[in-house]
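Chemist: Let me begin by handing over the structure; questions about it come next.
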Amino acid sequence: MLINMKELLSAAQKSDWAVGSFSVSNMEMVLGIIKAAEETNSPIILQIAQVRLKQSPLELIGPLMIAAAKNANVPVAVHFDHGLTLEIIKLALDIGFTSVMFDGSHLPLEENITKTLLTVELAKKYGASVEAEIGCVGGSEDGSDDIAINCTSPEDAVRFVDATNVDALAIAIGNAHGNYKETPHLRFDILTKVRDSVSVPLVLHGGTGILPEEFIKCRKNGIKKINIATATFDSVCNSVSDAFKSGGINGYYDIQTAEVDGAYNNALKHIKIFDCSNKADLFR
Ligand code: 13P
(Lines give C-alpha, C1' and ligand atoms only; values in the text may rest on other atoms or scores of the structure.)
Protein backbone atom coordinates (compact mmCIF):
# COMPACT_ATOMS: atom_id res chain seq x y z
CA MET A 1 0.00 0.00 0.00
CA LEU A 2 1.58 3.25 -1.18
CA ILE A 3 1.22 6.00 1.42
CA ASN A 4 2.22 9.63 1.90
CA MET A 5 5.22 10.03 4.20
CA LYS A 6 3.53 12.79 6.20
CA GLU A 7 0.78 10.36 7.23
CA LEU A 8 3.35 7.85 8.54
CA LEU A 9 5.33 10.44 10.47
CA SER A 10 2.27 12.07 12.06
CA ALA A 11 1.18 8.68 13.39
CA ALA A 12 4.68 8.04 14.76
CA GLN A 13 4.64 11.47 16.43
CA LYS A 14 1.75 10.38 18.64
CA SER A 15 3.98 7.80 20.31
CA ASP A 16 7.60 6.72 20.82
CA TRP A 17 8.29 4.73 17.65
CA ALA A 18 10.03 5.87 14.47
CA VAL A 19 9.81 4.81 10.83
CA GLY A 20 12.86 3.24 9.20
CA SER A 21 13.74 4.82 5.88
CA PHE A 22 15.87 2.36 3.94
CA SER A 23 17.97 3.31 0.93
CA VAL A 24 17.83 0.88 -1.98
CA SER A 25 19.68 0.57 -5.25
CA ASN A 26 18.21 -2.56 -6.83
CA MET A 27 15.23 -4.91 -6.85
CA GLU A 28 16.79 -7.40 -4.41
CA MET A 29 17.11 -4.70 -1.72
CA VAL A 30 13.52 -3.61 -2.29
CA LEU A 31 12.34 -7.22 -1.94
CA GLY A 32 14.36 -7.87 1.24
CA ILE A 33 13.22 -4.69 2.97
CA ILE A 34 9.55 -5.17 2.09
CA LYS A 35 9.76 -8.79 3.27
CA ALA A 36 11.04 -7.60 6.69
CA ALA A 37 8.29 -4.96 6.86
CA GLU A 38 5.54 -7.44 5.95
CA GLU A 39 6.76 -10.10 8.38
CA THR A 40 6.78 -7.60 11.26
CA ASN A 41 3.62 -5.79 10.09
CA SER A 42 5.55 -2.51 9.98
CA PRO A 43 5.11 0.64 7.93
CA ILE A 44 8.29 1.55 6.12
CA ILE A 45 9.90 4.07 3.80
CA LEU A 46 11.88 3.10 0.68
CA GLN A 47 14.25 5.80 -0.51
CA ILE A 48 16.94 6.51 -3.07
CA ALA A 49 19.31 9.48 -3.08
CA GLN A 50 20.23 11.55 -6.12
CA VAL A 51 23.91 10.48 -5.88
CA ARG A 52 22.88 6.83 -6.39
CA LEU A 53 21.28 7.47 -9.77
CA LYS A 54 24.58 6.85 -11.59
CA GLN A 55 24.16 3.14 -10.80
CA SER A 56 20.35 3.00 -10.61
CA PRO A 57 18.62 5.41 -13.04
CA LEU A 58 15.55 7.01 -11.51
CA GLU A 59 13.36 6.23 -14.55
CA LEU A 60 14.00 2.50 -13.93
CA ILE A 61 14.32 2.07 -10.16
CA GLY A 62 11.59 4.64 -9.36
CA PRO A 63 8.67 2.75 -10.98
CA LEU A 64 9.99 -0.48 -9.38
CA MET A 65 9.92 1.13 -5.92
CA ILE A 66 6.39 2.47 -6.50
CA ALA A 67 5.12 -0.90 -7.76
CA ALA A 68 6.67 -2.69 -4.76
CA ALA A 69 5.01 -0.22 -2.39
CA LYS A 70 1.61 -0.69 -4.06
CA ASN A 71 1.93 -4.49 -3.89
CA ALA A 72 3.00 -4.57 -0.24
CA ASN A 73 0.49 -5.50 2.43
CA VAL A 74 1.92 -2.83 4.78
CA PRO A 75 2.04 0.97 4.26
CA VAL A 76 5.12 2.03 2.29
CA ALA A 77 6.12 5.63 1.49
CA VAL A 78 8.52 6.14 -1.41
CA HIS A 79 10.96 8.98 -0.81
CA PHE A 80 13.50 10.80 -2.99
CA ASP A 81 16.50 11.44 -0.74
CA HIS A 82 18.98 14.36 -0.95
CA GLY A 83 17.51 15.97 -4.07
CA LEU A 84 19.80 18.74 -5.25
CA THR A 85 17.86 20.23 -8.18
CA LEU A 86 14.21 20.98 -8.82
CA GLU A 87 14.37 19.15 -12.17
CA ILE A 88 15.28 15.79 -10.66
CA ILE A 89 12.81 16.29 -7.79
CA LYS A 90 10.08 16.92 -10.40
CA LEU A 91 11.02 13.69 -12.17
CA ALA A 92 10.65 11.75 -8.89
CA LEU A 93 7.23 13.35 -8.35
CA ASP A 94 6.15 12.56 -11.92
CA ILE A 95 7.11 8.90 -11.32
CA GLY A 96 4.89 8.88 -8.23
CA PHE A 97 7.20 9.32 -5.23
CA THR A 98 5.07 10.31 -2.24
CA SER A 99 7.84 12.31 -0.62
CA VAL A 100 10.88 14.31 -1.71
CA MET A 101 13.82 15.91 0.04
CA PHE A 102 15.45 19.12 -1.10
CA ASP A 103 18.91 19.22 0.48
CA GLY A 104 20.03 22.83 0.81
CA SER A 105 21.98 22.15 4.01
CA HIS A 106 25.21 23.36 2.36
CA LEU A 107 23.60 26.75 1.54
CA PRO A 108 23.23 29.84 3.75
CA LEU A 109 19.96 29.60 5.74
CA GLU A 110 18.01 32.18 3.72
CA GLU A 111 19.00 30.61 0.39
CA ASN A 112 18.09 27.18 1.76
CA ILE A 113 14.67 28.62 2.71
CA THR A 114 14.11 30.18 -0.74
CA LYS A 115 15.02 26.99 -2.60
CA THR A 116 13.13 24.70 -0.20
CA LEU A 117 10.02 26.83 -0.77
CA LEU A 118 10.19 26.07 -4.51
CA THR A 119 10.17 22.34 -3.67
CA VAL A 120 7.26 22.81 -1.23
CA GLU A 121 5.21 24.61 -3.93
CA LEU A 122 5.99 21.91 -6.50
CA ALA A 123 5.30 18.95 -4.18
CA LYS A 124 1.97 20.46 -3.14
CA LYS A 125 0.69 19.99 -6.73
CA TYR A 126 1.35 16.24 -6.36
CA GLY A 127 0.10 15.94 -2.78
CA ALA A 128 3.59 14.78 -1.78
CA SER A 129 5.50 15.45 1.46
CA VAL A 130 8.69 17.48 1.70
CA GLU A 131 11.76 16.94 3.88
CA ALA A 132 14.55 19.50 4.16
CA GLU A 133 17.76 19.78 6.19
CA ILE A 134 19.48 22.45 8.22
CA GLY A 135 22.85 22.22 9.87
CA CYS A 136 25.27 19.77 8.26
CA VAL A 137 25.18 16.00 8.67
CA GLY A 138 28.81 14.81 8.34
CA GLY A 139 30.34 12.69 5.57
CA SER A 140 28.40 12.38 2.32
CA GLU A 141 25.73 10.07 0.97
CA ASP A 142 28.07 8.29 -1.48
CA GLY A 143 31.25 8.48 0.63
CA SER A 144 32.89 10.85 -1.89
CA ASP A 145 33.22 13.77 0.52
CA ASP A 146 34.11 14.20 4.19
CA ILE A 147 31.78 17.08 5.09
CA ALA A 148 32.30 18.38 8.65
CA ILE A 149 29.40 18.09 11.09
CA ASN A 150 27.70 21.41 11.88
CA CYS A 151 25.00 20.90 14.51
CA THR A 152 21.58 22.45 13.87
CA SER A 153 20.77 25.66 15.70
CA PRO A 154 17.33 25.51 17.39
CA GLU A 155 16.76 29.20 16.45
CA ASP A 156 17.47 28.41 12.78
CA ALA A 157 15.08 25.45 13.02
CA VAL A 158 12.24 27.76 14.16
CA ARG A 159 12.95 30.30 11.39
CA PHE A 160 13.23 27.53 8.77
CA VAL A 161 10.06 25.65 9.69
CA ASP A 162 8.00 28.86 10.02
CA ALA A 163 9.19 30.07 6.61
CA THR A 164 8.88 26.82 4.65
CA ASN A 165 6.20 24.74 6.38
CA VAL A 166 8.09 21.52 5.51
CA ASP A 167 6.61 18.18 6.60
CA ALA A 168 9.84 16.79 8.09
CA LEU A 169 13.11 18.38 9.17
CA ALA A 170 16.48 16.60 9.04
CA ILE A 171 18.82 17.84 11.73
CA ALA A 172 22.49 17.50 12.55
CA ILE A 173 23.24 16.35 16.09
CA GLY A 174 26.63 14.68 15.63
CA ASN A 175 25.39 12.18 13.00
CA ALA A 176 27.25 11.48 9.75
CA HIS A 177 26.71 9.45 6.58
CA GLY A 178 28.72 6.27 6.04
CA ASN A 179 30.62 4.18 8.58
CA TYR A 180 31.74 6.21 11.60
CA LYS A 181 35.47 6.37 12.37
CA GLU A 182 34.61 6.19 16.09
CA THR A 183 31.38 5.22 17.87
CA PRO A 184 29.17 8.31 17.58
CA HIS A 185 27.56 9.95 20.59
CA LEU A 186 24.69 12.15 19.57
CA ARG A 187 24.00 15.61 21.02
CA PHE A 188 20.73 14.96 22.85
CA ASP A 189 20.93 18.45 24.38
CA ILE A 190 20.50 19.88 20.87
CA LEU A 191 17.87 17.32 19.86
CA THR A 192 15.62 18.17 22.82
CA LYS A 193 16.00 21.92 22.23
CA VAL A 194 15.01 21.54 18.56
CA ARG A 195 12.15 19.18 19.49
CA ASP A 196 10.84 21.76 21.99
CA SER A 197 11.13 24.59 19.43
CA VAL A 198 9.35 23.13 16.39
CA SER A 199 6.38 20.83 15.93
CA VAL A 200 7.45 18.99 12.75
CA PRO A 201 8.68 15.38 12.86
CA LEU A 202 12.50 15.29 12.93
CA VAL A 203 14.70 13.12 10.73
CA LEU A 204 17.99 11.43 11.61
CA HIS A 205 20.33 10.81 8.68
CA GLY A 206 23.48 8.70 8.98
CA GLY A 207 21.80 5.84 10.83
CA THR A 208 24.57 3.30 10.13
CA GLY A 209 26.66 2.70 13.25
CA ILE A 210 24.46 4.52 15.76
CA LEU A 211 24.12 2.53 18.98
CA PRO A 212 20.71 0.89 19.60
CA GLU A 213 20.30 2.80 22.90
CA GLU A 214 20.90 6.10 21.09
CA PHE A 215 18.32 5.19 18.42
CA ILE A 216 15.83 4.48 21.20
CA LYS A 217 16.56 7.83 22.88
CA CYS A 218 16.15 9.54 19.49
CA ARG A 219 12.74 8.03 18.75
CA LYS A 220 11.56 8.99 22.23
CA ASN A 221 12.66 12.59 21.62
CA GLY A 222 11.13 13.66 18.34
CA ILE A 223 13.09 11.71 15.70
CA LYS A 224 10.38 10.02 13.63
CA LYS A 225 12.25 9.03 10.46
CA ILE A 226 15.61 7.27 10.61
CA ASN A 227 17.68 6.87 7.45
CA ILE A 228 19.73 3.73 6.93
CA ALA A 229 21.86 3.23 3.81
CA THR A 230 25.44 1.99 4.34
CA ALA A 231 24.37 -0.74 6.78
CA THR A 232 22.09 -2.21 4.10
CA PHE A 233 24.73 -2.07 1.38
CA ASP A 234 27.30 -3.65 3.76
CA SER A 235 24.84 -6.33 4.88
CA VAL A 236 24.10 -7.24 1.24
CA CYS A 237 27.83 -7.43 0.39
CA ASN A 238 28.54 -9.57 3.45
CA SER A 239 25.64 -11.89 2.77
CA VAL A 240 26.85 -12.52 -0.80
CA SER A 241 30.46 -12.93 0.34
CA ASP A 242 29.46 -15.38 3.12
CA ALA A 243 27.37 -17.39 0.67
CA PHE A 244 30.35 -17.68 -1.70
CA LYS A 245 32.63 -18.73 1.18
CA SER A 246 30.20 -21.40 2.38
CA GLY A 247 29.76 -22.82 -1.13
CA GLY A 248 26.15 -21.64 -1.30
CA ILE A 249 26.46 -19.94 -4.68
CA ASN A 250 25.85 -22.29 -7.56
CA GLY A 251 24.69 -19.75 -10.07
CA TYR A 252 23.51 -16.16 -10.46
CA TYR A 253 20.13 -16.70 -8.80
CA ASP A 254 21.84 -17.71 -5.57
CA ILE A 255 23.57 -14.32 -5.57
CA GLN A 256 20.18 -12.64 -5.88
CA THR A 257 18.81 -14.70 -2.98
CA ALA A 258 21.82 -13.78 -0.83
CA GLU A 259 21.25 -10.09 -1.65
CA VAL A 260 17.60 -10.26 -0.62
CA ASP A 261 18.63 -12.01 2.63
CA GLY A 262 21.24 -9.32 3.41
CA ALA A 263 18.76 -6.48 2.96
CA TYR A 264 16.09 -8.40 4.91
CA ASN A 265 18.34 -9.10 7.92
CA ASN A 266 19.47 -5.50 8.21
CA ALA A 267 15.94 -4.09 7.86
CA LEU A 268 14.57 -6.57 10.43
CA LYS A 269 17.20 -5.58 13.00
CA HIS A 270 16.43 -1.87 12.62
CA ILE A 271 12.63 -2.26 12.53
CA LYS A 272 12.84 -3.90 15.97
CA ILE A 273 15.03 -1.13 17.42
CA PHE A 274 12.69 1.51 15.98
CA ASP A 275 9.71 -0.28 17.61
CA CYS A 276 7.84 -0.26 14.32
CA SER A 277 6.42 -3.80 14.52
CA ASN A 278 2.63 -4.05 14.20
CA LYS A 279 2.24 -0.30 13.65
CA ALA A 280 0.87 -1.06 10.17
CA ASP A 281 -2.47 -1.75 11.90
CA LEU A 282 -2.78 1.99 12.59
CA PHE A 283 -3.36 2.58 8.87
CA ARG A 284 -5.93 -0.15 8.18
P1 13P B 1 24.04 5.93 6.38
O2 13P B 1 24.65 5.56 5.07
O3 13P B 1 25.07 6.40 7.36
O4 13P B 1 23.18 4.87 6.94
O5 13P B 1 23.13 7.21 6.11
C6 13P B 1 21.96 7.06 5.38
C7 13P B 1 21.30 8.35 5.10
O8 13P B 1 21.27 9.24 5.92
C9 13P B 1 20.65 8.50 3.81
O10 13P B 1 20.16 9.79 3.62
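The values are calculated or read from the model by the stated rules, or taken from the named source; none is laboratory data. Remember, it's a predicted structure, so these values are computed and weren't measured experimentally. Note that we place each Cβ from the backbone using ideal geometry, even for glycine, and neighbour counts take in every protein chain shown.
Chemist: Test Lys70 against the stated conditions and say whether it is charged (D, E, K, R), more than 16 Å from the ligand (Cβ to nearest atom) and either modelled with pLDDT under 95 or within 19 Å of the chain's Cα centre (by Cα) (or both). If you could, list the steps in order and put the result at the bottom.
Modeler: Working: charged (D, E, K, R): yes; more than 16 Å from the ligand (Cβ to nearest atom): yes; either modelled with pLDDT under 95 or within 19 Å of the chain's Cα centre (by Cα) (or both): yes.
Spelling it out, Lys70 is indeed charged (D, E, K, R), more than 16 Å from the ligand (Cβ to nearest atom) and either modelled with pLDDT under 95 or within 19 Å of the chain's Cα centre (by Cα) (or both).
Chemist: Yes or no: Ser129 surrounded by 19 or more Cβ atoms within 10 Å (Cβ to Cβ), polar (S, T, N, Q) and touching a Cys at 6+ places or on another chain (Cβ under 7 Å)? Write out each step before concluding.
Modeler: Working: surrounded by 19 or more Cβ atoms within 10 Å (Cβ to Cβ): yes; polar (S, T, N, Q): yes; touching a Cys at 6+ places or on another chain (Cβ under 7 Å): no.
Here the answer is no, as Ser129 does not meet what is asked.
Chemist: When Glu87 is evaluated against the numbered criteria (1) acidic (Asp, Glu); (2) over 26 Å from Lys279 (Cα atoms); (3) within 16 Å of the ligand (Cβ to nearest atom), which criterion, by number, is the only one it fails?
Modeler: Evaluating Glu87 over (1) acidic (Asp, Glu); (2) over 26 Å from Lys279 (Cα atoms); (3) within 16 Å of the ligand (Cβ to nearest atom) leaves (3) as the failure.
Chemist: Can you tell me which of Ala12, Ala92 is part of a helix (DSSP H, G or I), modelled with pLDDT of 95 or more and over 24 Å from Cys218 (Cα atoms)?
Modeler: Working: Ala12 fails: over 24 Å from Cys218 (Cα atoms).
Result: Ala92 is the single residue among Ala12, Ala92 that is part of a helix (DSSP H, G or I), modelled with pLDDT of 95 or more and over 24 Å from Cys218 (Cα atoms).
Chemist: How many residues does segment 159-177 contain that are closer than 25 Å to Thr98 by Cα, charged (D, E, K, R) and in contact with a helix residue (DSSP H, G or I) (Cβ under 8 Å, 6 or more places away or on another chain)?
Modeler: Going through segment 159-177 one residue at a time, the tally reaches 1.
Chemist: Here is a further query. Looking at Val100, Val51, which is the one that is at pLDDT 95 or above, in contact with a Leu (Cβ under 8 Å, 6 or more places away or on another chain) and closer than 19 Å to Ser23 by Cα?
Modeler: Numbers: Val51 fails: in contact with a Leu (Cβ under 8 Å, 6 or more places away or on another chain).
Unique residue meeting the criteria: Val100.
Chemist: Sort through Lys181, Lys224 and tell me the only one that's basic (Lys, Arg) and over 19 Å from the mean Cα position of the chain (by Cα). I'd like the intermediate steps shown before the answer.
Modeler: Values: Lys224 fails: over 19 Å from the mean Cα position of the chain (by Cα).
Exactly one residue qualifies, and that residue is Lys181.
Chemist: Taking Glu7 as the residue in question, decide whether it is charged (D, E, K, R) and either within 16 Å of the ligand (Cβ to nearest atom) or under 25 Å from Tyr252 (Cα atoms) (or both).
Modeler: Working: charged (D, E, K, R): yes; either within 16 Å of the ligand (Cβ to nearest atom) or under 25 Å from Tyr252 (Cα atoms) (or both): no.
The answer is no for Glu7.
Chemist: Suppose we filter segment 129-158 for residues that are assigned to a loop (DSSP other than H, G, I, E, B) and either within 16 Å of the ligand (Cβ to nearest atom) or touching a helix residue (DSSP H, G or I) at 6+ places or on another chain (Cβ under 6 Å) (or both); how many remain?
Modeler: Quick first cut of segment 129-158, residues assigned to a loop (DSSP other than H, G, I, E, B) only: 135, 137, 140-146, 148-149, 151-153.
With either within 16 Å of the ligand (Cβ to nearest atom) or touching a helix residue (DSSP H, G or I) at 6+ places or on another chain (Cβ under 6 Å) (or both) added as a condition, the list becomes 135, 137, 140-146, 148-149, 151-152.
Residues flagged as assigned to a loop (DSSP other than H, G, I, E, B) and either within 16 Å of the ligand (Cβ to nearest atom) or touching a helix residue (DSSP H, G or I) at 6+ places or on another chain (Cβ under 6 Å) (or both) within segment 129-158 amount to 13.
Chemist: Any residue in segment 74-84 that is more than 16 Å from the ligand (Cβ to nearest atom) and surrounded by fewer than 22 Cβ atoms within 10 Å (Cβ to Cβ)?
Modeler: The answer is no, given that none of the residues of segment 74-84 is more than 16 Å from the ligand (Cβ to nearest atom) and surrounded by fewer than 22 Cβ atoms within 10 Å (Cβ to Cβ).
Chemist: Also: Hey, can you tell me all the residues within segment 159-185 that are among the β-branched types (Val, Ile, Thr), part of a loop (DSSP other than H, G, I, E, B) and at pLDDT 95 or above?
Modeler: Val166, Ile173 - these are the residues of segment 159-185 that are among the β-branched types (Val, Ile, Thr), part of a loop (DSSP other than H, G, I, E, B) and at pLDDT 95 or above.
Chemist: Test Phe188 against the criterion of being at pLDDT 95 or above, surrounded by fewer than 17 Cβ atoms within 10 Å (Cβ to Cβ) and either under 27 Å from Leu93 (Cα atoms) or away from the ligand (no atom under 13 Å from the Cβ) (or both), and give yes or no.
Modeler: Details: at pLDDT 95 or above: yes; surrounded by fewer than 17 Cβ atoms within 10 Å (Cβ to Cβ): yes; either under 27 Å from Leu93 (Cα atoms) or away from the ligand (no atom under 13 Å from the Cβ) (or both): yes.
In short, yes.
Chemist: For segment 51-74, state whether one or more residues are part of a strand (DSSP E or B) and not aromatic (Phe, Trp, Tyr). Lay out the reasoning, then the answer.
Modeler: If we filter segment 51-74 for residues that are part of a strand (DSSP E or B), which is where we start, we get none.
The answer is no; no qualifying residue exists.
Chemist: Pull up segment 47-67, narrow it to residues that are of a type in the set (Gly, Ala, Ser) and within 16 Å of the ligand (Cβ to nearest atom), then point me to the one that is surrounded by the fewest Cβ atoms within 10 Å (Cβ to Cβ). It would help to see each step written out before you state the result.
Modeler: Just the residues of segment 47-67 that are of a type in the set (Gly, Ala, Ser), to begin with: 49, 56, 62, 67.
Among the residues that remain, those that are also within 16 Å of the ligand (Cβ to nearest atom) are: 49, 56.
Working: Ala49: 23, Ser56: 17.
Checking each candidate, the answer is Ser56.
Chemist: Could you list, in sequence order, all residues of segment 117-170 that are of a type in the set (Ser, Thr, Tyr) and either in contact with a strand residue (DSSP E or B) (Cβ under 7 Å, 6 or more places away or on another chain) or free of Cβ contacts under 8 Å to residues at least 60 places away in the same chain (or both)? Working first, answer last.
Modeler: Of all residues in segment 117-170, those of a type in the set (Ser, Thr, Tyr) come to 119, 126, 129, 140, 144, 152-153, 164.
Passing the criteria: Thr119, Tyr126, Ser129, Ser140, Thr152, Ser153, Thr164.
Chemist: Kindly indicate whether Lys217 is free of Cβ contacts under 8 Å to residues at least 40 places away in the same chain and within 28 Å of Asp145 (Cα to Cα).
Modeler: No.
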